[in-house]
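One structure below.
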Amino acid sequence: MAAYRKLRLTAAALIIGALSSNLPEPVAADGNAGFEAFERGDYATALKEFQPLADQGLPAAQAALGQMYLQGMGVAQDYAMAAKWLTPAATNGIAAAQVQLATLYMLGMGVPKDEAQAAYWTKRAADHGVRRSQVDLAAMYYQGVGLPRDLVQAYLYAELAARQGDEEAIAIRSVLQPQLPAAQIKQIEAEADIWKPSQQ
């Protein structure tokens, strides 16, 4: 069934989701020089600016360092170092870091492969309103990957992403519709009407 094939979680889809996420905005004026250097491809300067800020616990700088290690920008690609810096940034609510950390756990890159951790971070990003994470989480709930199978939650996250125009989410939703009572679908849609992205 073509629609079911769209539900499969693939490494490629997760990587695309992680790498297409925008870098976080700096949360302090001190980070601006690093982000400006990063934007122009001056990764040596960006690294010099970000490292002390990341060491001081600035989440945006930690997320940026994680991104650099993840993609090998100005540093040797190192997934373990990426995870080291993405973890505190993700914990402090940086959605892009949550997306990337979920990918690392799903694929076992730099961290032990752990579907439960991948699901945890995917949900955190989905709850921030990251469309790609909402699609991934809908598929995870549908298949019971990293968390218990739950068609209601699968439909909710597919609905949220579908409302942002995501075609894959629309396909997931259409697969789920015949599996849920109409009254339950109406209730989920009402919940989606009042849903707001999390701030953490």
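Within region 94-130, the set of residues being surrounded by fewer than 17 Cβ atoms within 10 Å (Cβ to Cβ) and in contact (Cβ under 8 Å) with a residue 60 or more places away in the chain comprises LEU107, GLY129.
Residues of region 42-84 that are under 22 Å from SER198 (Cα atoms) and surrounded by 17 or more Cβ atoms within 10 Å (Cβ to Cβ): LEU58, PRO59, ALA60, ALA61, GLN62, ALA63, ALA64. Region 26-86 holds helices (runs of 4 or more DSSP H) entirely within its bounds, and those carrying 3 or more residues that are among the aliphatic types (A, V, I, L, M) map to 43-55, 59-71.
Without any contact (Cβ under 8 Å) to a residue 60 or more places away in the chain, in contact with a helix residue (DSSP H, G or I) (Cβ under 6 Å, 6 or more places away or on another chain) and among the acidic types (Asp, Glu): does that describe ASP166?
yes
The single residue among ALA158, ALA169, ALA125, ALA138 that is assigned to a helix (DSSP H, G or I), under 30 Å from GLN77 (Cα atoms), small (Gly, Ala, Ser) and in contact with an Asp or Glu (Cβ under 9 Å, 6 or more places away or on another chain) turns out to be ALA125.
Right, ALA192: in a helix (DSSP H, G or I) and surrounded by 17 or more Cβ atoms within 10 Å (Cβ to Cβ) or not? Here the answer is no, as ALA192 does not meet what is asked.
If I filter region 177-199 for residues that are modelled with pLDDT of 95 or more and hydroxyl-bearing (Ser, Thr, Tyr), do I get at least one hit? Checking region 177-199: not a single residue is modelled with pLDDT of 95 or more and hydroxyl-bearing (Ser, Thr, Tyr).
Confirm whether PRO178 is over 21 Å from LEU104 (Cβ atoms), free of Cβ contacts under 8 Å to residues at least 60 places away in the same chain and not in a helix (DSSP H, G or I). The answer is no for PRO178.
I'd like to know if region 152-169 contains one or more residues that are buried (at least 21 other Cβ atoms within 10 Å of the Cβ), modelled with pLDDT of 95 or more and in contact with a Gly (Cβ under 9 Å, 6 or more places away or on another chain). Yes, there is a match, as at least one residue in region 152-169 is buried (at least 21 other Cβ atoms within 10 Å of the Cβ), modelled with pLDDT of 95 or more and in contact with a Gly (Cβ under 9 Å, 6 or more places away or on another chain).
The values are calculated or read from the model by the stated rules, or taken from the named source; none is laboratory data. From a predicted model like this one, the values you see are computed outputs, not experimental measurements. Positions of Cβ are backbone-derived with ideal geometry, glycine not excepted, and every protein chain shown enters the neighbour counts.
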